[in-house]
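The values are calculated or read from the model by the stated rules, or taken from the named source; none is laboratory data. Keep in mind that this is a model prediction, so the values were computed, not measured. Neighbour counts are summed over all protein chains in view; Cβ atoms, including those assigned to glycine, are modelled from backbone coordinates with ideal geometry. Remember, those area values only see protein heavy atoms, side chains included, never the ligands or the DNA or RNA. Shrake-Rupley method; radii C 1.70, N 1.55, O 1.52, S 1.80 Å.
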Amino acid sequence: MVDLHTHTTYSDGDKNLKELLIEAEKNNVTILSITDHDTVDAYYELKDLDYKKLYTGRIINGAEFNCIFNNSKIELLGYNFNIDNINDFCTNTYTKNTEYMDKNKEFKLMMDICHKNGIIVDNLTYDESMGWPIDIILPSIKSHEENRKLFTDKEWNDRSHFFRCCTCNMDFPLFIDLSNQMPDAKKVSDAIRTSGGKVFLAHLFLYPLKDHIAYLDKLVSENIIDGIEVYHSKFTEEETKILEEYAKKHNLLISGGTDYHGDKKKGRKIGNGYGNINISEDIINN
């Protein structure tokens, strides 16, 4: 069993490195990649750890990078890169970027957009201990039934989808332009490839795009990616099949993973997601 998309406490997972490795061993994962957001810190801890006592499988270097493509925020997965090179890239592009993930600024921007678009919100102040800006603003939006007519059922009821719409769907009432905060996809792709790695688009069908395949076509035509994350915990069988056929038709590499975050994503287990994933080693040998 293979899982090439997992997160630890170095980004937004709730399991530390050792706990993640123990969980992977327990669930019979034979090939693992730790793909924290915009950091490879887990791999520096791994260097100083006799991890084979915890996990007997193979580990592939990996990370998940926030970036912008065609005005939408997406994530690219990088694998098999030089860790030191990517660490330098992450430090210069994300850690030292004072605009990147400025939560106070994002909160103010979201509040301004609410007022501009007639979305009713309470008089809120940002408290980082309460989570991301959306975790404070969305409950306030939903407490006013008058706002209901501005959103679809999925936007209203699914926090994750609501957030994705904020960053991917330009027609969404709360769309936020993050191009000043994050690198463009080509910059990320070039950094991964220059470091000897391969570039994959993460979870295509989670982005609320008007036309997912047209968006994928554009990524391919601009030579941004080497492959696609075909298998993901939240994909339907039909979505997986579409991506399998697309990858084969365009000679793209295939990857997959659970997008494991520990108990933050209830019921999602490392290795098999919600019980709907079984990625064999044969699938990802390339």
(request) Among the residues of the stretch 237-275, count how many are over 19 Å from Ser33 (Cα atoms), in a loop (DSSP other than H, G, I, E, B) and in contact (Cβ under 8 Å) with a residue 24 or more places away in the chain. (result) 2
(request) Being more than 19 Å from Ile74 (Cβ to Cβ), open to solvent by 40 Å² or more (accessible area, probe 1.4 Å) and either of a type in the set (Ser, Thr, Tyr) or in contact with a helix residue (DSSP H, G or I) (Cβ under 8 Å, 6 or more places away or on another chain) (or both) is the filter here, so list the residues in the stretch 219-268 that pass it. (result) Thr236
(message) If I ask for residues that are open to solvent by 10 Å² or more (accessible area, probe 1.4 Å) and among the polar types (S, T, N, Q), which ones from the stretch 144-175 would you list?
(response) Thr152, Asn157, Ser160, Asn169
(request) Please work out which residue is least open to solvent (accessible area, probe 1.4 Å), limiting yourself to the stretch 122-143 and to residues that are closer than 18 Å to Glu106 by Cβ and either among the hydroxyl-bearing types (Ser, Thr, Tyr) or in contact with a strand residue (DSSP E or B) (Cβ under 9 Å, 6 or more places away or on another chain) (or both). (result) Ser140
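For Asn223, indicate whether it is over 26 Å from Lys265 (Cβ atoms) and modelled with pLDDT of 95 or more.
yes
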(request) Please find, among Cys114, Cys67, the residue that is touching a residue at least 12 places away in the same chain (Cβ under 8 Å) and either more than 20 Å from Leu174 (Cβ to Cβ) or part of a strand (DSSP E or B) (or both). (result) Cys67
(request) Return the total of residues in the stretch 70-90 being surrounded by fewer than 17 Cβ atoms within 10 Å (Cβ to Cβ) and part of a loop (DSSP other than H, G, I, E, B). (result) 4
(request) Scan the stretch 144-186 for residues that are over 24 Å from Lys105 (Cβ atoms) and not in a loop (DSSP other than H, G, I, E, B) and jot them down. (result) Glu145, Glu146, Arg148, Lys149, Asp153, Lys154, Trp156, Asn157, Lys186
(request) Tell me, please, whether a residue that is of a type in the set (Gly, Ala, Ser) and in contact with a strand residue (DSSP E or B) (Cβ under 7 Å, 6 or more places away or on another chain) can be found in the stretch 217-234. (result) yes
(message) If I ask for residues that are open to solvent by 10 Å² or more (accessible area, probe 1.4 Å) and within 29 Å of Asn97 (Cβ to Cβ), which ones from the stretch 18-42 would you list?
(response) His37, Asp38, Thr39, Asp41
